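The structure appears right after this line, and notes come after that.
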Amino acid sequence: MMSVPGRSGTRRVALTLLAVVGFAGVFAPRAALGAPASSAVGTSDSSLTASNARNARLRPADDSLRGRSGKLLMRLVTRARATLALPFFARFFGDSAVERPGLYSLPDSILAHPFTFIALRPFTDKQQGRVGPYRIGFWPSERGRLTTDAYENPDGFIEVTPDNMNMQVSEHFRLADFLTHDQHDVWPKYLVLNEDLVDKLELVIDRLQQNGIRVQHMTVMSGFRTPWYNRHGGRVGGRAELSRHMYGDAADVFVDNGRGRMADLNHDGRVDSRDAKVILKAVEQVEREHPELSGGVGVYRATRAHGPFAHIDVRGWRARWGRS
């Protein structure tokens, strides 16, 4: 029930995890709610060779957990998703851990880098448009307006606090990058985020760099937008009523190489929508290599409120707009 790469990759990763569950049995830490897991147990300090062998056997799981980009540092867990992978999560954190929303970090002895499972707070915890004091609103399907499976309600929410908001979800992105830009003094906040989106953004960064484009930082102008904020918050002009931002699988981004705005990616001496088209080209290349990550790309010109940027999502079908 950990969320794994979507669509065609789900079964492959789940089976990979099941293949290493037997080796995971030598470790038995249980994570406290919101706290890192304890150190691995059942190993011998004097048995370096055995330890290295175990870690080697876990590398296939490491590769799968880290996504197509190899840069993911988290996976989402909910009882409704990817049930074949549940034994892997349960071995480390207990059968009932999925019922306790929070962050569960793998011991450092398992992987050579930080990695966290995030147990989601269930969607049913939203009452009258809120989870606790945090206002979220209502998804179209809650109003009887479900059009396709792509617009189903989210499975649940990541609970974000001042203590965990800067947690890395991948090498270049944090939880805070994708939060809705409202209710600044209300904590905890709640986030919907699709790992495939983060994976795709990492792949786009890689592709830009392979194309000779310097990427110091990719800024997320807008990630998740609660349904309430999508309809009422900030500058609502041009927002789609069924915006993918409400489903956690879209981000408006630009490449910032140190000036707080889109960089001159095409080196023509100006910063305009042509630079956003450089990002579009990289997305096209990524989608050709990974068609399961197909989605929308929109190119936006600068206004008085913001510079040029590109919208990227993983809706599951190709869509393009704003390229003229």
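The values are calculated or read from the model by the stated rules, or taken from the named source; none is laboratory data. Because the structure is a prediction, the values reported are computed rather than measured. No Cβ is skipped: glycine too gets one built from the backbone with ideal geometry, and neighbour counts run over all protein chains shown.
Quick notes on this one:
- Within the stretch 297-324, residues that are on the phi > 0 side of the Ramachandran plot sit with their Cβ atoms under 7 Å from residues that are at pLDDT 95 or above and part of a loop (DSSP other than H, G, I, E, B), at 6+ positions apart or across chains, in these pairs: G316/S294; G316/G295.
- Residues (outside any strand (DSSP E or B) and either in contact with a Phe, Trp or Tyr (Cβ under 9 Å, 6 or more places away or on another chain) or buried (at least 20 other Cβ atoms within 10 Å of the Cβ) (or both)) located in the stretch 116-125: L120, F123, D125
- When the residues of the stretch 178-202 are filtered to those that are free of Cβ contacts under 8 Å to residues at least 60 places away in the same chain and charged (D, E, K, R), the one that is farthest from G248 (Cα to Cα) is D185.
- Members of the stretch 249-267 found to be touching a strand residue (DSSP E or B) at 6+ places or on another chain (Cβ under 9 Å) and over 16 Å from G212 (Cα atoms), listed by number: D249, A250, A251, D252, V253, F254, G260, R261, M262
- Restricting attention to the stretch 82-105, the residues that are surrounded by 20 or more Cβ atoms within 10 Å (Cβ to Cβ), modelled with pLDDT under 85 and either assigned to a loop (DSSP other than H, G, I, E, B) or touching an Asp or Glu at 6+ places or on another chain (Cβ under 7 Å) (or both) total 1.
- Cβ-Cβ contacts under 9 Å between residues 6 or more apart (or on different chains), taken from a first residue in the stretch 270-293 that is modelled with pLDDT of 95 or more to a second residue that is among the polar types (S, T, N, Q) and in a helix (DSSP H, G or I), are listed as A282/Q210; Q285/Q210.
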